[in-house]
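Okay, so here's the structure we're looking at.
What follows is calculated from the coordinates using simple rules that are stated; it is not laboratory data. As the structure is a computational prediction, the values presented were derived from the model and not from experiment. Using ideal geometry, Cβ is built from the backbone for each residue, glycine included, and neighbour counts are taken over all protein chains shown.
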Amino acid sequence: MDLDVVNMFVIAGGTLAIPILAFVASFLLWPSALIRIYYWYWRRTLGMQVRYVHHEDYQFCYSFRGRPGHKPSILMLHGFSAHKDMWLSVVKFLPKNLHLVCVDMPGHEGTTRSSLDDLSIDGQVKRIHQFVECLKLNKKPFHLVGTSMGGQVAGVYAAYYPSDVSSLCLVCPAGLQYSTDNQFVQRLKELQDSAAVEKIPLIPSTPEEMSEMLQLCSYVRFKVPQQILQGLVDVRIPHNNFYRKLFLEIVSEKSRYSLHQNMDKIKVPTQIIWGKQDQVLDVSGADMLAKSIANCQVELLENCGHSVVMERPRKTAKLIIDFLASVHNTDNKKLD
């Protein structure tokens, strides 16, 4: 989400001075409202509609475009502390005749946030299965896409519910066990040992921490004004306690390596997309997955970090389209 908002200000920089000042002033005064307007505008432009569906007393919020047809529907799962609209940059480059569904993960945005909810990866997989059944999305096997935490959930989902999924795309997924920890993971373990949960790098609470997070997640270096960083932080702060609870749950012993423990159970054709310069989750994870999943192809992106969806949306969309065409024996032209 945050990189997408930064891009919004970059685009605004090409307009006249007075509108820019009004735009920035509005952001500083009402950052949350302005960001909602921004995403509403792009959803409307791209033809994405927002809907709600309920499983008993639990509410799922999702956006969609198109209707189920002879081609597989595509379900997209976002990463930690993001929301369904993070996929809009990719949706922009996907064919309009595909049925797309982007759901807010448990506790995020418009989906129910409950203190009683199981936020482990297994718990999230079960919730997504409830969502799938509510929409009857598994009436015909669908293509499942997930990034980071959403990639971990997607991979485990494919292992648990193989008949639901026709094919799978994992974008720099979490949940793998590496022989050597990278610098980011080492830092996280130090924070856990010292119980300094207030300093988790992916949960910024100051403009400086927001800037560090953007640099951690992206290969591209953005020069973002202090006021805008403050606005981005202000939007996130009300949710930070939930993010901390969720983060501690997904790095717990129960969830930390759940994709690794289930990757050999994934039997559907699988595509792995990873940024070569990912500082959050090491790109060597792609090779681990490729060795364990029988029908697997790997795409490594040069000059790209962890935020693949934000940094390389056109390339990501093309890779997904090409993969679907190859797996389902469909002419690329039919996907246009």
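Percent relative contact order of the range 259-336, based on C-alpha pairs within less than 8 angstrom and at least six residues apart?
29
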To the nearest Å, what is the center-to-center distance of the range 146-172 and the range 260-336, using C-alpha atoms only?
11
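In debye to the nearest 20, how big a dipole does the range 47-334 give about its Cα centre with +1 on each Lys and Arg Cβ and -1 on each Asp and Glu Cβ?
Details: 33 positive and 29 negative charges, 254 e Å.
For this selection, approximately 1220 debye.
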Looking at the chain, what % of its DSSP beta bridges pair antiparallel, to the nearest 5?
30
Sequence-distant or interchain residues sharing an amide H contact under 5 Å with residue 296, placed H: which?
270
Which residue fluctuates most in the GNM of the chain (Cα springs below 10 Å): 101, 132, 171?
132
Sequence gap at least 6, Cα distance under 8 Å: using those rules, report the relative contact order of the chain to the nearest whole percent.
18
Report, in debye and to the nearest 20, how large the dipole of the range 42-141 comes out about its Cα centre when Lys and Arg carry +1 and Asp and Glu carry -1 on their Cβ.
760
Between the range 175-253 and the range 38-104, what's the alpha-carbon centroid distance in Å?
26
